[in-house]
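Report on one structure; see the data block that follows.
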Amino acid sequence: MKNQYFAPGEEVVLRRVWKGKIHRITAATVAQDTPDLIALYWGPGYPLKATTNNPLKGRLEISHDLIDGTWGGRSVLSLASPKAAHAVYAMWDEEHRLLEWYINLQEPLHRTAVGFDTTDYLLDIAVRPDRSKWVWQDEDEF
């Protein structure tokens with residue numbers, strides 16, 4: 001990486017790491033990468049690789065083989081302050097309707113030569129588009 005920051009439109013990967021092992025890789029497009037904000041977009045059809053089970057959910061047998069896949073039907077804009085232990089996702093459908101705000105609790109993003117690494121903390125918060133109500137996600141597994 002010649003520059004400290006990625007340029008808007010540049011393709012990067014967001015890697016989810018657990019105990020030193022990559023368990024998910026999501027392709028993303030940089031919307032903004034500055035000292036104050038890292039904004040990444042991914043949407044329907046974007047390639048990803050993931051293990052067959054999520055190591056965060058306490059499975060006894062953890063596969064480290066990454067399987068090819070594609071991102072589902074929601075478009076996502078991830079907004080993260082470089083030192084924050086969370087990212088805020090705006091998620092919308094194919095008709096460009098905002099479905100929800102999603103607060104992903106995670107380790108602050110670590111910059112790499114190919115994108116960013118983080119560790120997901122599993123517990124998340126889903127917020128209605130109008131921000132009138134929120135609910136914990138994955139609370140029972142946390």
Furthest towards positive pole of dipole, Ile38, Thr119, Trp92, structure part region 11-137, Cβ charges: Thr119
Rg over Rh, two decimals, the chain (C-alpha only, Kirkwood Rh): 0.95
Exposure rule at most 10 other beta-carbon atoms within 10 Å, DSSP loop GluC sites (Glu not before Pro): the chain longest free segment: 1-60
Only Lys, Arg (+1) and Asp, Glu (-1) charged, at Cβ; region 11-137 dipole about Cα centre in debye: 360
Nonlocal Lys pairs with alpha-carbon distance under 24 Å, the chain (8 or more apart, or different chains): 8
Spin-label model distance (nm) - Gln32 vs Ala85, 7 Å beyond Cα toward Cβ: 2.5
Phi to ³J(HN,Hα) by Karplus 6.51 cos²θ - 1.76 cosθ + 1.60 over region 18-27, Hz, x for Gly, Pro: 9, 6, x, 10, 6, 10, 7, 10, 10, 6
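Hey, what did the chain get for relative contact order, percent, Cα under 8 Å, at least 6 apart?
Across the chain, relative contact order equals 19 percent.
No value in this document is a laboratory result; all are computed from the given coordinates. The shown structure was predicted, so the numbers you read here are calculated from the model rather than taken from an experiment. Every residue, glycine as well, gets a Cβ built from its backbone with ideal geometry; the counts of neighbours run over all protein chains shown.
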